[in-house]
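The block underneath contains the structure these notes are about, expressed in structure tokens.
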Amino acid sequence: MKEQDKNPIKIANREALIGVILVVFHFIWWFAFAYGLGKKEPAEYQYILGFPAWFFYSCIAGIIIMSILVFIIVKFFFTDLPFDDEEFEQS
Amino acid sequence: MNLVASITLFSSVAIIFFIGLLASRTTNTSASFMEDYYLGGRSLGGFVLAMTMTATYGSASSFIGGPGVAYNEGLGWVLLSVIQVSTGYFTLMILGKRFAITAKKYKAITMVDFLKERYQSKWVVLLSSFSIIVFLFSAMAAQWIGGGRLIESITGLSYHSALLIFVLTVLIYVTFGGFRAVTLTDSIQGTIMIIGTVILLASIIIAGGGISSIMANLRAENPNLITPYGADGSLSPQYVSSFWILVGVGVVALPQIVVRAMSYKNTKSFHRALIIGTIVVGVIMLNMHLIGVFARPILPGVEVPDTVIPLIALEVLPAWLAGIVLAAPLAAIMSTVDSLLLLVSSTIVKDVYLNYIQPTASKKKVRTLSMTITAILGLIVYLIAINPPDLIIWLNLYTIGGLEAAFIWPVVMGIYWKKGNKYGAIAAIITGFSSYILFQAVYPEPFGMHSVVSSIAISLIAYVGASLSLRNKVL
């Protein structure tokens, strides 16, 4: 397999970096919707499926989007490494 | 006393308990008792890994304490809690493959093992063992109390009898079962948790006449309940955001999580765990805290916040179903307690005793000692839990923060920064640990944030500063 030629440390570093980018994106999404839409007077709130819009986007949609993103990233960007490989342990 | 609910509750717990004991019988076959008892032989699959992370992390504070606060604070507290979803992917991604590779190379069984091999320093080992023991003791007490409270409010037994029942159950199976038993039962408990919270949330929405009507009721009572700012408007954006650190990214440094990130079988399980973990944590956190908020219009005037969840379950569900659903939080608490107990016991036996007191102890002696210490620890925590404070969540968040401040840099930088050395690690543990306790005691919210943020910042400066300035010294 082609992946095994790559340096496992580089692969692992890249994947950790993806984790950082994801968690920052998540934070911005969560914060921006919560306080962007939530700072209005409660009387002016719009509602989606019964929830205030800020809550729906920030919390409910946020969780759904993160789950989908994690799924896509893991499926397409994460590499399988041989773990039990003896020679690999020595590297 | 609710007889039917008690019966179904205890039957569910008994089934879990039975499986734990069955699993423990298969552990005796493996070659290394230590690796097996404390790490399940490094062979966890993806589903089990995701579930054991979730079940360990989703403890009394997410099932009992957190929803209780959400009951009082409204949607603002749900907002603060759902950021915990990031633990589902971030912790595993950051520790990731490099950590598993390194841990395997070092033959590390505990987080302290990893630190010991990485930094080659006795003081790092002793300091980290000390911090783990101090903070996890209070974390365990928090879980004990949650379990006791839960059994108390369902069965109507006195708190003391309830606590005793809970402690005995946990002690028996964790003492004999070890890590594999714990992770296997974690999977069952995790499954019960998800199904349980979904059923409970759905029943509450029906009982409250739909989401719109619940929201209208909340708004009529106090419009702040449906804003992000909390019931009296005191949840500031910077305070809420600091929980992104405390219960989100900082979780990467919790020893009970770290140990799980070195226990998976291969990268396939790791990938699967990332996906399952994110979804599961998301569903559980959102549901449990929403249940807390939605309970308010249906069941006004609950005085002890920790009892909101059991009371609302008994209110909206038929008794037999309430018993089974409440097995979910009880299961969560049990699995957290198990892992913590194992962790503290492994710290004492493996990290301190085998390293510095009696390195040549026989296998049989180590086994007896591991089990004895696990049991004794449980009893000590029981004594602490007899006179409990009301809000479990406070105790729990307190200890989480302390561990994060002490360990986040020694672990993360230890993996990714070559120049990090033992001086940095020692400095980070000491400053993180002591500044956190100091902040908590005299100035709990620097810059309007939870004190963990400042302590983590101080600890980072200490780590980098000491690593760079002392790197050429030979002590």
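Readers should treat all values here as calculations from the given coordinates under stated rules, not as data from a laboratory. Small disclaimer: the values here were computed from a predicted structure and weren't measured. Note that each Cβ is placed from the backbone with ideal geometry, even for glycine, and that neighbours are counted across all protein chains shown.
Rounded to whole Å, give me the distance from the Cα center of region B:107-154 to that of region A:6-47.
30 Å
Rounded to the nearest 0.05, what FRET efficiency do B:Val134 and B:Lys105 give with R0 = 35 Å and r taken as the Cβ-Cβ distance? Could you check?
With a Förster radius of 35 Å, E is 0.75.
For the protein assembly as shown, treating each Cα as an identical point scatterer without solvent, what Debye log10 I(q)/I(0) comes out at q = 0.09 1/Å?
Ignoring solvent entirely, the Cα scatterers give -0.64.
Starting from the Cα of B:Ser362, step 7 Å along the direction of its Cβ; do the same at B:Tyr416; then give the gap between the two resulting points in nm.
Going by the 7 Å Cα→Cβ label model, 4.8 nm.
Name the long-range amide H neighbours of A:Leu81: under 5 Å, sequence gap of 5 or more, or other chain; modelled H, no Pro or chain starts.
Those qualifying (amide H under 5 Å, at least 5 residues apart or on another chain) are B:Thr267.
Just going by the charge dipole of the protein assembly as shown, with Lys and Arg at +1 and Asp and Glu at -1 on Cβ, which of B:Phe243, B:Trp77, B:Pro305 is farthest out on the positive end?
Checking the options against the dipole of the protein assembly as shown, the answer is B:Phe243.
Over 29 Å between C-alpha atoms is what I'm after, so list which of A:Lys10/B:Lys363; B:Lys122/B:Lys364; B:Lys363/B:Lys419; A:Lys75/B:Lys265; A:Lys10/B:Lys422 land there.
Details: A:Lys10/B:Lys363 39 Å; B:Lys122/B:Lys364 26 Å; B:Lys363/B:Lys419 37 Å; A:Lys75/B:Lys265 18 Å; A:Lys10/B:Lys422 25 Å.
Table pairs above 29 Å Cα-Cα are A:Lys10/B:Lys363; B:Lys363/B:Lys419.
Using 1/(1 + (r/R0)^6) with R0 = 51 angstrom and r between the beta carbons of B:Arg471 and B:Ser161, what's the FRET efficiency to the nearest 0.05?
Details: r = 57 Å, r/R0 = 1.12.
The formula returns an efficiency of 0.35 here.
Take B:Ala457 and B:Ala220, extend 7 Å from each Cα along the Cα→Cβ direction, and tell me the distance between the two endpoints in nm.
Result for the modelled spin labels: 4.5 nm.
Mind checking the mean number of beta-carbon atoms from other chains within 10 Å of the Cβ atoms in B:412-420?
Numbers: counts 1, 0, 0, 3, 4, 0, 0, 0, 0.
That works out to 1 on average.
Sketch the reach of a paramagnetic label on B:Val198 as a point 7 Å from Cα along Cα-to-Cβ, and name the residues of region B:265-282 whose backbone nitrogen lies under 17 Å away.
Under 17 Å, as judged by backbone N against the label point of B:Val198, lie B:276-282 of region B:265-282.
Between A:Val24 and A:Glu44, what FRET efficiency follows from the Cβ-Cβ distance if R0 is 30 Å, with the result rounded to 0.05?
On the way: r = 30 Å, r/R0 = 1.01.
For A:Val24 and A:Glu44, the calculated efficiency is 0.50.
Output wanted: per-residue J couplings in Hz (rounded whole) for region B:147-154, from phi through Karplus 6.51 cos²θ - 1.76 cosθ + 1.60, θ = phi - 60°, x for Gly and Pro.
Whole-Hz 3J(HN,Hα) from phi for region B:147-154: x, x, 4, 5, 5, 4, 6, 8.
Calculated from DSSP H runs of 4 or more alone, at -39500 (n - 2.57) each and per residue, what is the 222 nm mean residue ellipticity of the protein assembly as shown, nearest 500? Could you put the intermediate results ahead of the total?
Values: 22 runs with 404 residues, N = 566.
Using -39500 (n - 2.57) per qualifying helix, the result is -24000 deg cm²/dmol.
Please report how far the C-alpha centroid of region B:396-462 lies from that of region B:213-285, rounded to the nearest whole angstrom.
21 Å
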